[in-house]
Amino acid sequence: LRLQDHILMFHTSILNTISPHHNYSKNFRMTINGKLVARNAVLNLLGLTIPLVAAVIFIPPVITRLGYERFGVFALTLAILSYFTVFDFGLGRAVTKHAAAAIGRNDMAAMSRYTWTAMAAQFVLGCTLTALLLVLLPTILVELLNVPPHLLDESRLAFSILALIVPAILVASSISGV
């Protein structure tokens, strides 16, 4: 088999795993009905409310354990992490649009090309951002964020880990809709 056939089989197996009530193959048509839309709307609503409820329950004990300064560093790390998804530059939505169009045309090879190209581009961009963040880290921590001296080592470690996962975050954001 050619590489494209392997990729096609991989995507088909993923689609069948995610949605087993559909039979995905090289030539398929997916029908959308009201029940499916309602189910997905409920799942989206749960996806928004469950993290909110978890935050209300778990953030106070985390603040108690970490203290205000360490929790501040933790919160800044999470905020910066969410800002890195901006560097998606709309590629995730573009991939979703074009992959959906390819699926509508029964062109799974095109869907794979769009997906892999986006993943590669986001990985390269993520590695570039990682290098930039690691180089600028001392300046960011001391001059921009005013991290207290007794938390610099912990903050350096936290932000270094953050920098190292940026490529994975960007790759995941570019394929989240596929």
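Summary of values
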{"quantity": "Cβ-Cβ under 8 Å pairs, at least 6 apart or on other chains, the stretch 150-178 side of a type in the set (S, T, N, Q), far side open to solvent by less than 30 Å² (accessible area, probe 1.4 Å) and not in a helix (DSSP H, G or I)", "calculated": "Ser155/Val147"}
{"quantity": "Residue list for the stretch 63-108, restricted to those being assigned to a helix (DSSP H, G or I), open to solvent by less than 50 Å² (accessible area, probe 1.4 Å) and more than 28 Å from Gly177 (Cα to Cα)", "calculated": "Ile63, Phe71, Gly72, Val73"}
{"quantity": "Failed criterion for Gly90 (all others in (1) at pLDDT below 60; (2) within 23 Å of the chain's Cα centre (by Cα) hold)", "calculated": "(1)"}
{"quantity": "Search result, residues across the stretch 147-164 that are open to solvent by less than 70 Å² (accessible area, probe 1.4 Å) and under 30 Å from Ala99 (Cα atoms)", "calculated": "Leu162, Ala163"}
{"quantity": "Search result, residues across the stretch 138-178 that are small (Gly, Ala, Ser) and more than 11 Å from the chain's Cα centre (by Cα)", "calculated": "Ser155, Ala158, Ser160, Ala163"}
{"quantity": "Looking only at the stretch 109-122, and only at residues there that are open to solvent by less than 40 Å² (accessible area, probe 1.4 Å) and in contact (Cβ under 8 Å) with a residue 60 or more places away in the chain, the one that is farthest from Ile165 (Cα to Cα)", "calculated": "Ala109"}
{"quantity": "Qualifying residue in the stretch 84-92 (condition: over 30 Å from Glu69 (Cβ atoms) and aromatic (Phe, Trp, Tyr))", "calculated": "yes"}
{"quantity": "Test: residue in the stretch 123-146 that is open to solvent by 30 Å² or more (accessible area, probe 1.4 Å) and at positive phi", "calculated": "yes"}
{"quantity": "Test: residue in the stretch 113-123 that is within 22 Å of Glu154 (Cα to Cα) and of a type in the set (Phe, Trp, Tyr)", "calculated": "no"}
{"quantity": "Where Ser155 falls short, out of the listed (1) under 19 Å from Arg70 (Cα atoms); (2) at pLDDT 95 or above", "calculated": "(2)"}
{"quantity": "Residues located in the stretch 92-116, provided they are among the hydroxyl-bearing types (Ser, Thr, Tyr) and closer than 16 Å to Ile169 by Cα", "calculated": "Thr115"}
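The values are calculated or read from the model by the stated rules, or taken from the named source; none is laboratory data. Since the model is a prediction, treat every value here as computed from it, not as a measurement. Positions of Cβ are generated from backbone atoms using ideal geometry, with glycine treated the same way; all protein chains shown enter the neighbour counts. These accessible areas exclude ligands, DNA and RNA; they are computed on the full protein's heavy atoms, side chains included. Shrake-Rupley method; radii C 1.70, N 1.55, O 1.52, S 1.80 Å.
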